[in-house]
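Below: the structure, in structure tokens.
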Amino acid sequence: MPLSARESSLCHRVAARASALLEDLAAHVAIPTGTGHASGIDHYRGLLLARLEALGGTARLVPGEPRPAWLRLPHARDPIDAPPPPTAVVSRSGSDGPPAILLAGHLDTVHDPRGSFRELAVAPDGLTASGPGAADMKGGILIAVAALECLAEEGHDLGWTFVLNADEEIGSFQSAAALREAATVHRVGLALEPALPDGSLVIERMGTGMFRIDAHGRAAHVGREFARGASAVYALARTITRIEAMVDLEAGRILNIGPIEGGSVVNAVPDHAAAWGNVRFRDAATQSALEQEVLALATRGDALPSIDVHAIFNRPAKPFTPPVQRLARFVRDTAEDLGQTMPFASTGGVCDGNILQEAGLPTLDTLGVRGGNLHRNDEYIEVSSLVDRCQLLATLLLRLSLGLDQALEPQERAEPPGRPRNAG
């Protein structure tokens, strides 16, 4: 349907901010917020809270939960015993009462603050700009804040809650409780992960878990007492082959082994080895089966070599439920009214939308900017998406505030044909 006069005015106001949006993004990208970099994250959080409080939001910091020590990877830059970062929760009641819409973003990036990739660089043609976290997700957070500001400037008295955590890139173990608590008191969740490069909206995600395998052996001199030794590395290798056999892509079972460590010299039988792994699964039944299979890798008794297993399945799968289907159609209709295309897609990637939806909140989570090369030193944003995705968010928030029941309740309308395509 055509935009209303109020929606057109709102979109014009967003468009007038084009230069300011790019300038703000450059300033935010220049703040180092790699996971665990407390000073940069605190600075960035403070800037955002100031803008949200200026809109009438009331902020509180929810203390972070401890993160399991065994999750620490070899050579990780973030100290596992560092104080867990707090999660900021900013809420504003509107003319219709307490907020029903939850916006979610993460302050941390994967980029090392000591690296050379530190600033936003606009391409000569002006079409793209690269910088650490430009797309994932400083661009998304920025357009959400700007959308709220434009709505306020247009006189719309909306209620909203904005949750900003600082450990999403390492699993949200420290902020999961705060996310779940927020999910229980809202009706719809909008997370600001970057859209796929073609603007696709991700409507279902796999779930994920982490595990660690520790192999224990008996040290011995290779030349003199090899037979007395028990190699932890051999034991770990045999266990890894069992893990590989669990993979079944057709059944939605993915297991990957990442860092491996073991042994110190070539002429000593190693008495310890360890491997860290990641699991992806399509649904709750597959999650349950994989949990049992991974934990069953552990050995019993005192015989060497032995295997210990730690595992935690922290982000359940995010299925395309009927409420999410209705919300996705509502978002797509809004995008099309703005002249934007928005195909649906599925992905094996995970985010905080998994946690919010598992807690009962219908959530869509690729409402940020368009970009690509995420988690790389050439991560980029499409500059034009600062405006058009901000217009989408602002219009969507306005429509949701006026017709949330329409977005979430069953309507007499056919389901979109076919299944969404898969995306990486």
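Quick one: the Cα spread of the chain along its three principal axes, in angstroms, biggest first?
86, 48, 41
Could you check which residue among Ser91, Ser288, Ser200 shows the biggest mean-square fluctuation in a GNM of the chain with a 10 Å Cα cutoff?
Ser288
Could you check what % of the DSSP bridge pairs in the range 65-201 are antiparallel, to the nearest 5?
Taking every DSSP beta bridge with both residues in the range 65-201, the antiparallel ones total about 45 percent.
Provide Rg and Dmax in Å for the range 228-361, with only Cα atoms included in the calculation.
Just the Cα atoms of the range 228-361 yield Rg and Dmax of 20.9, 74 Å.
For the chain, what does -39500 (n - 2.57) per DSSP helix run (n ≥ 4), summed and divided by total residues, give at 222 nm, in deg cm²/dmol to the nearest 500?
-10500 deg cm²/dmol
Once you sort the root eigenvalues of the Cα gyration tensor of the range 337-377 as a ≥ b ≥ c, which label holds: rounded (a/c under 1.5), prolate (a/b larger than b/c) or oblate (the other case)?
Verdict is oblate for the range 337-377.
Only bridges with both residues in the chain count here: give the DSSP antiparallel percent, nearest 5.
70
Can you tell me which of His12, His221, His111 moves the most in a GNM of the chain? Springs connect C-alpha atoms under 10 Å apart.
Judging by the Gaussian network model, the answer is His221.
Counting DSSP beta bridges in the range 207-315, what percent are antiparallel, to the nearest 5?
The antiparallel fraction comes to roughly 100 percent.
Compare Ala359, Ala178, Ala317 in a GNM of the chain, Cα atoms joined below 10 Å, and give the one with the largest fluctuation.
Evaluated over the chain, the most mobile residue of the options is Ala359.
Counting other beta carbons within 10 Å of each residue's own, what order do Glu7, Glu336, Glu193 fall into, fewest first?
Final ranking by Cβ density, sparse to dense: Glu336, Glu7, Glu193.
Report, in debye and to the nearest 20, how large the dipole of the chain comes out about its Cα centre when Lys and Arg carry +1 and Asp and Glu carry -1 on their Cβ.
It works out to roughly 700 debye.
No lab work stands behind these numbers, since they all come straight from the coordinates. Everything numeric here is computed off the predicted structure, so don't read it as measured data. Neighbour counts run over all protein chains shown; Cβ positions are idealised from the backbone, glycine included.
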